């Protein structure tokens, strides 16, 4: 695999699968309508209700996000096995049917990954939660700021990482920070593509990031966010044990205080979150 594949051809290498046209045109159009109907959030990495004006507790994520299945708020820390499990995941809306259909079509690929790491014949469960990343440019506030990147990180949930890519191509790069910050390899993840990576190399050793997003007129993707030009949406799927997904009312008081403003913001457009607030006791 070359340093930066252009994303036009399929990739099948141990630990990394990429299909450029896995999502049909009709499915992509349905996904675009779904993404446009949501109201993503600009989350803060840290949020202390007693120090809301402190710069140490107000660093914003590099892109607006929306979760399905279970919302993992940045200020609570993300779910990760084995030490970061409790009170990390708040119940969110279910995945739409179009996402489930695409995941079902990917089940044979996931089964191959499963056979490579687990001798048990039981087929792997499909992901039950996902993070929707909105990439674009913030405008109308002085000099436009481009939020077309995702910082270097690892996904610490067990199992393969599954990616849907909609909109302009994003440069997905894999890095070994112990050796160099230069990418080991990368691929331009194009519109309607599916990516899956797993195993000791791509999931456990290497970090990944999105360092660039291309610009273009097609496809058109709209968002309810004010002053934001949306260029790309990526969806990363994961599996969280159902017993670790809690309603807002089940979160500890400290966690409730950190995310209450977010939930109230979500409740403006979501009946699910209005019900979460109504049932908080």
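The values are calculated or read from the model by the stated rules, or taken from the named source; none is laboratory data. What you see is a predicted model, and the numbers here were worked out from it, not measured in a lab. Positions of Cβ are generated from backbone atoms using ideal geometry, with glycine treated the same way; all protein chains shown enter the neighbour counts.
Can you confirm whether the stretch 220-227 contains a residue that is touching a strand residue (DSSP E or B) at 6+ places or on another chain (Cβ under 9 Å) and on the phi > 0 side of the Ramachandran plot?
yes
Take residue 180 and decide whether it is within 25 Å of residue 23 (Cα to Cα) and at pLDDT below 95.
No: the conditions fail for residue 180.
Restricting to the stretch 1-28, name every residue that is assigned to a helix (DSSP H, G or I), over 19 Å from the mean Cα position of the chain (by Cα) and either within 12 Å of residue 196 (Cβ to Cβ) or touching a residue at least 60 places away in the same chain (Cβ under 8 Å) (or both).
25
Quick one: which residue in 263, 187, 233 is assigned to a strand (DSSP E or B) and either at pLDDT below 90 or touching a helix residue (DSSP H, G or I) at 6+ places or on another chain (Cβ under 8 Å) (or both)?
233
Looking for whichever is outside any strand (DSSP E or B), at pLDDT below 95 and farther than 18 Å from residue 15 by Cα here; the options are 216, 136. Which one fits?
216
Which condition from (1) touching a strand residue (DSSP E or B) at 6+ places or on another chain (Cβ under 7 Å); (2) modelled with pLDDT under 95; (3) assigned to a loop (DSSP other than H, G, I, E, B) is the one that residue 95 breaks?
Answer for residue 95: the failing condition is (2).
Of the residues in the stretch 238-258, how many are in a strand (DSSP E or B) and either in contact with a helix residue (DSSP H, G or I) (Cβ under 7 Å, 6 or more places away or on another chain) or surrounded by fewer than 16 Cβ atoms within 10 Å (Cβ to Cβ) (or both)?
To start, the set of residues in the stretch 238-258 that are in a strand (DSSP E or B) comprises 238, 245-246.
Adding the requirement that they be either in contact with a helix residue (DSSP H, G or I) (Cβ under 7 Å, 6 or more places away or on another chain) or surrounded by fewer than 16 Cβ atoms within 10 Å (Cβ to Cβ) (or both) leaves none.
Selection size over the stretch 238-258: 0.
Scan the stretch 101-119 and tell me whether some residue there is modelled with pLDDT of 90 or more and assigned to a strand (DSSP E or B).
Checked against the condition, which is being modelled with pLDDT of 90 or more and assigned to a strand (DSSP E or B), the stretch 101-119 yields no hits at all.
State the number of residues belonging to the stretch 247-280 that are farther than 22 Å from residue 42 by Cα and in contact with a strand residue (DSSP E or B) (Cβ under 9 Å, 6 or more places away or on another chain).
Total meeting the criteria: 1.
Taking the stretch 29-52 only, how many residues are part of a loop (DSSP other than H, G, I, E, B), at pLDDT 95 or above and in contact with a strand residue (DSSP E or B) (Cβ under 6 Å, 6 or more places away or on another chain)?
Start the filter on the stretch 29-52 by keeping residues that are part of a loop (DSSP other than H, G, I, E, B), which leaves 38-40, 42-43, 45-48, 52.
Next, from what is left, pick out any that are at pLDDT 95 or above: 38-40.
Going one step further and asking which of them are in contact with a strand residue (DSSP E or B) (Cβ under 6 Å, 6 or more places away or on another chain), we end up with 38, 40.
Adding up the residues that qualify gives 2.
Any idea how many residues of the stretch 140-167 are more than 16 Å from the chain's Cα centre (by Cα) and at pLDDT 85 or above?
Selection size over the stretch 140-167: 0.
Would you mind telling me which numbered condition in (1) outside any loop (DSSP other than H, G, I, E, B); (2) surrounded by 14 or more Cβ atoms within 10 Å (Cβ to Cβ) residue 204 fails?
With (1) outside any loop (DSSP other than H, G, I, E, B); (2) surrounded by 14 or more Cβ atoms within 10 Å (Cβ to Cβ) applied to residue 204, the lone miss is (2).
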